[in-house]
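No value in this document is a laboratory result; all are computed from the given coordinates. Predicted, not measured: the structure shown is a model, and the values here were computed from it. Methodologically, a virtual Cβ is constructed for each residue, glycine included, from the backbone with ideal geometry; neighbour enumeration extends over all protein chains shown.
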Amino acid sequence: MPFGLERPGERGRIHRVLGTRCGTPGGKDLDRAGSAEPGAAVLRSPLPGAVGHIAISDGRGGTVEAHSARAGVIASTLSGRRWDMGILVPGIEYSERGPDQEIEEPSVVMYRLTEPHMIGPTVREIQRKLKEKGLDPGPIDGDFGPSTHAAVVSFQASRRLVIDGEVGPTTARALGVRLPEA
């Protein structure tokens with residue numbers, strides 16, 4: 001775990017507390033991510049040219065997080081969002097989550113730069129909308145590559161959204177794109 005935040009011998013405990021899918025390659029959604037753990041941190045790793053994101057669990061399935069320049073610090077939820085890693089903060093006593101503390105997966109497909117690239121008609125629509133707004137997503141070919149990613153980052157910055165390079169519900173709404181259900 002980066003920055004030495006994982007205590008020796010704690011990996012299994014971290015997964016039991018924060019969810020068995022945290023920290024997996026490709027940014028799987030955190031399952032039951034620290035929903036009963038006030039102070040547990042969840043992270044989304046940054047994509048090229050974008051920023052990552054960190055949220056602190058409030059212990060009830062919600063978060064406290066610095067969201068954006070426009071929104072400031074907000075209360076939100078762990079459910080329905082992509083998280084890459086969970087961290088138990090040293091000095092805080094944690095207990096294992098209960099079976100009634102389910103965290104929902106995202107209800108829509110979230111588009112981002114991946115390997116292999118995400119492709120299809122929704123990516124083509126994202127590219128068209130970016131082009132309409134004066135940004136250069138590269139060719140309108142339905143391939144979410146580096147040019148599309150850079151255009152999404154620029155769009156998010158211009159709208160004072162979280163600059164994560166992902167087209168999730170908030171960015172899609174701002175673009176006027178409807179995302180397919182997950």
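For this structure, a couple of remarks:
- Each residue of segment 155-170 is assigned a 3J(HN,Hα), and the resulting list reads 4, 4, 5, 5, 9, 6, 8, 5, 8, 10, x, 10, 9, x, x, 5 Hz, derived from the Karplus form 6.51 cos²θ - 1.76 cosθ + 1.60 (θ = phi - 60°), x at Gly and Pro.
- Electrostatic bookkeeping for GLY142 treats Lys and Arg as +1 and Asp and Glu as -1; over the other residues with beta carbon under 12 Å from its beta carbon, the sum is -1.
- Net charge in the neighbourhood of GLY168 (other residues with Cβ under 10 Å of its Cβ; Lys, Arg +1, Asp, Glu -1) is +2.
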